[in-house]
Amino acid sequence: MLIDDFRRDDLVSALGTAWRGVSDRVMGGISQETLRVEEHEGRRCLRLSGNVRLENNGGFIQMALDLDLGGACVDASSFAGLRLLVNGNGERYSVHLRTADITRPWQSYRAHFEARPQWREVQLPFADFRPHRLDVPLDLTRLRRIGVVAIGRAFFADLRLAEMAFFR
C-alpha cells in the first residue's frame with residue numbers, strides 16, 4: 001500500500017495527510033531542518049536536510065506524517081513492514097513509528113537504515129522495530145504517525161525519500 005510517492009508539490013501525501021518538518025526546537029534544542037519536494041536524479045522526492053545539534057539537550061530533525069486526517073489509528077497488521085526508496089549522504093537514519101499507546105513525545109518504535117549516495121530500496125520489517133523508552137509491544141492495529149529521523153549525534157543530515165509504502 002502506497003503511503004507517498006511525492007507527485008504533489010504541496011507536501012500532501014497520497015493518504016491526504018501533510019508531511020511536516022520537526023526539530024528539537026520544540027523542546028528547546030537548536031537543530032534546524034529544511035523540508036521540500038524536489039527532483040533528484042530523475043526522481044521526485046522529499047528532501048530533509050539540516051544540522052543536527054546536541055546543544056540544549058537537542059539532537060534531532062525529522063520529516064513526519066500522520067497516517068489519518070482525523071488522527072484515527074491505521075491498521076497495518078496485514079503488512080510485513082515499510083519499504084522506502086532513499087538516497088542520502090551515507091549517514092544512518094531512523095524510522096520512528098508512533099501508535100495510540102504512546103503518551104510521551106520521546107517514545108517511539110525505531111528501526112534504522114543507511115542512506116547511501118545511490119538510490120536504493122530499504123525494507124524495514126515491523127519485527128525489526130524496537131520500543132524506545134516504553135514497555136508496550138508494537139500494536140500494528142494502532143499506528144498513527146511515521147517519522148523519518150536524523151537523530152542522536154551532531155551531523156549534517158541530507159536525506160531524500162522518493163517513495164514510502166507498506167509491504168506484505
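Values quoted throughout were computed directly from the atomic coordinates according to the rules given, and no laboratory measurement underlies them. All values derive from a computational prediction rather than experimental measurement. Virtual Cβ from ideal backbone geometry, glycine too; neighbours counted across all protein chains shown.
Fully extending the segment from A72 to N89, taken as 0.36 nm per residue of separation minus the present Cα-Cα distance, adds 2.7 nm. Counting only Cβ charges, +1 for Lys and Arg and -1 for Asp and Glu, the dipole size of the range 2-167 around its Cα centre is about 280 debye.
In whole angstrom, the range 2-167 maps to an equivalent ellipsoid with semi-axes of 22, 20, 15, each derived as √(5λ) from the alpha carbon gyration tensor and ordered largest first. Using the average count of surrounding beta-carbon atoms within 10 Å as a protection proxy, the listed peptides 58-64, 89-95 rank, highest first, as 58-64, 89-95. For the pair R36 and E114, what calculated FRET efficiency results from E = 1/(1 + (r/R0)^6), where r is the Cβ-Cβ distance and R0 = 22 Å, to the nearest 0.05? About 0.50, to the nearest 0.05.
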